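All remarks here apply to the structure that follows.
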Amino acid sequence: MNGTDTKSTTHLPKKPKLSQTLISDSEIQSEFSHHDPTIARINNGSFGSCPQSIISAQQRWQLKFLRQPDHFYFNELQKGILESRLVIKSLVNADHVDEISIVDNATTAAAIVLQSVSWAFSQGKFKEGDGAVMLHYAYGAVKKSVEAYVTRAGGYVIEVQLPFPVTSVSEIVGEFRKALERGKSNGRKVRLAVIDHITSMPSVVIPVKELVKICREEGVDQVFVDAAHGIGCVDVDVKEIGADFYTSNLHKWFFCPPSVAFLYCRKSSSNWNDLHHPVVSHEYGNGLAVESAWIGTRDYSAQLVVPQVLEFVNRFEGGLEGIKKRNHDTVVEMGEMLAKAWGTHIGCPPEMCASMVMVGLPACLGIFGDSDTLKLRTHLRDNFAVEVPIYYRAPKDGEVNLVTGYARISHQVYNKPSEYYKFRDAINQLVHDKFTCALLP
């Protein structure tokens, strides 16, 4: 595994063609037959889903290692990971394969980027009190990473207060501009912007290209797009987006087994050589991509099946683009069906949804805090066999009789309409029974 990818740009993989024979409905159900058939699993956004054929491919890689570890390490691992990186490079339109590193998940990718920002503070490149801007709805683990790496190093964190429900892109853009202005007050500089491509809870597609453009105009040093839900859910063209860093999980919406993600680092970024995997091993100093490909003895099989996953995706009509469009159209249809049944609304316009939609729950359920959302989610799982996350939206001063609870529904290729009807009927039953979250222990 020693050395860098000096020849990696000269042997590009053949671009897989869409399958001549499309996958059938029965084959789709067979691919996901290991899912619990009793559960309405409308929560793909949390952990993703892996088809049986990819699980089998993963097991073949695992057995290769277990059969002869030394041969695998010296002759197959590096080559296999490079092939996966080449596939990802093509999918996201990166210029060079060295810009693509494979890591465990988007949280690891965030740690890599934020670690370099922390070093910039400690080395005096950034000054104490310089700012980092992030969305109020940023993923919790990333918020903790910003606290651990940026705040502790002396950075000042400004959160973009996004509205929810949201009615237009302009609302997000306006709040982002306000946060940048706050960050630059008192002569400070904004050194980093962390922007979600799709926020997790509540789920909203963020206009990343426009926000990155604003960052460039306002002199923000570095832009990191956290797109944990990106690949397989929204269009991803890293050159069009224009960020310095972009990460996406591959196990959420791209059918890889857990857990695997990629981190794109634009070669022209000023701190290209300051990026290192937080787990230091023998490849330290050989470039982030090579460092990430060996962080000690572990199971790398999830990182090695990316080419097989692309083959699976291309069995669907329209390939990945077709899957994304059908997921979006169906989840919006199901979300609007639920909102109509409950007399509520969806949390944002359809064009700001991807493969997930926030649906308002009846106010009479009495969702008055985060603890209520967890209790209701557990109640739905245990008593109605429905798996769906619930979000609490705190009312603002003066607001009364508002929807404070939202369900985030997902749609992936294995889902059926009956699962959403099951959820509808469960909530209707709770309303009929005059249930409130206060009744739960």
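The values are calculated or read from the model by the stated rules, or taken from the named source; none is laboratory data. Computed from a predicted model, the values in this text were never measured in an experiment. Glycine gets a Cβ as well: all are built from the backbone with ideal geometry, and neighbour counts include every protein chain shown. We work out accessible area using only protein heavy atoms, side chains counted, and drop any ligands, DNA or RNA first. Shrake-Rupley method; radii C 1.70, N 1.55, O 1.52, S 1.80 Å.
See the values below:
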quantity: Some residue of the range 297-313 being farther than 30 Å from LEU22 by Cα, surrounded by fewer than 21 Cβ atoms within 10 Å (Cβ to Cβ) and either more than 23 Å from the chain's Cα centre (by Cα) or free of Cβ contacts under 8 Å to residues at least 60 places away in the same chain (or both); calculated: yes
quantity: Restricting the range 374-417 to residues that are of a type in the set (Asp, Glu) and at pLDDT below 95, the residue that is most open to solvent (accessible area, probe 1.4 Å); calculated: ASP397
quantity: Those residues of the range 94-151 which are charged (D, E, K, R) and either open to solvent by less than 20 Å² (accessible area, probe 1.4 Å) or more than 21 Å from the chain's Cα centre (by Cα) (or both), in sequence order; calculated: ASP95, ASP98, GLU99, LYS125, LYS127, GLU128, ASP130
quantity: Residues of the range 307-326 satisfying the condition of being assigned to a helix (DSSP H, G or I) and among the polar types (S, T, N, Q); calculated: GLN308
quantity: Answer residue from the range 44-57, given it is polar (S, T, N, Q) and surrounded by fewer than 21 Cβ atoms within 10 Å (Cβ to Cβ) and is nearest to TYR420 (Cα to Cα) among those; calculated: SER46
quantity: Hits in the range 169-178 - residues which are in contact (Cβ under 8 Å) with a residue 12 or more places away in the chain and acidic (Asp, Glu); calculated: GLU175
quantity: Residue tally, condition within 19 Å of GLY45 (Cα to Cα), in a loop (DSSP other than H, G, I, E, B) and among the small types (Gly, Ala, Ser), over the range 330-378; calculated: 3
quantity: Condition check for VAL194: within 16 Å of GLY131 (Cα to Cα), modelled with pLDDT of 95 or more and of a type in the set (A, V, I, L, M, F, W, C); calculated: yes
quantity: Total residues in the range 332-343, condition surrounded by fewer than 19 Cβ atoms within 10 Å (Cβ to Cβ) and on the phi < 0 side of the Ramachandran plot; calculated: 5
quantity: Failed condition for VAL166, given (1) free of Cβ contacts under 8 Å to residues at least 24 places away in the same chain; (2) not in a helix (DSSP H, G or I); calculated: (1)
quantity: Residue in the range 234-254 that is within 19 Å of ILE54 (Cβ to Cβ) and open to solvent by 40 Å² or more (accessible area, probe 1.4 Å) present; calculated: no
quantity: Residue in the range 330-346 that is among the small types (Gly, Ala, Ser) and in contact with a strand residue (DSSP E or B) (Cβ under 7 Å, 6 or more places away or on another chain) present; calculated: yes
quantity: Residue check for THR38: in a loop (DSSP other than H, G, I, E, B) and either free of Cβ contacts under 8 Å to residues at least 12 places away in the same chain or open to solvent by 40 Å² or more (accessible area, probe 1.4 Å) (or both); calculated: yes
quantity: In the range 262-271, the residues that are touching a residue at least 24 places away in the same chain (Cβ under 8 Å) and surrounded by fewer than 24 Cβ atoms within 10 Å (Cβ to Cβ); calculated: ARG266, LYS267, SER269, SER270, ASN271
quantity: Residues being open to solvent by less than 40 Å² (accessible area, probe 1.4 Å) and under 22 Å from TYR139 (Cα atoms) - total across the range 355-373; calculated: 10
quantity: Meets criteria (open to solvent by 10 Å² or more (accessible area, probe 1.4 Å) and not charged (D, E, K, R)) for LEU439; calculated: yes
quantity: Single residue of the range 272-296 satisfying the filter (touching a helix residue (DSSP H, G or I) at 6+ places or on another chain (Cβ under 9 Å) and among the β-branched types (Val, Ile, Thr)) that is surrounded by the most Cβ atoms within 10 Å (Cβ to Cβ); calculated: VAL290
quantity: ASP329 of a type in the set (Asp, Glu) and either buried (at least 21 other Cβ atoms within 10 Å of the Cβ) or under 25 Å from VAL92 (Cβ atoms) (or both); calculated: yes
quantity: Boolean, GLY154 is without any contact (Cβ under 8 Å) to a residue 40 or more places away in the chain and open to solvent by 10 Å² or more (accessible area, probe 1.4 Å); calculated: yes
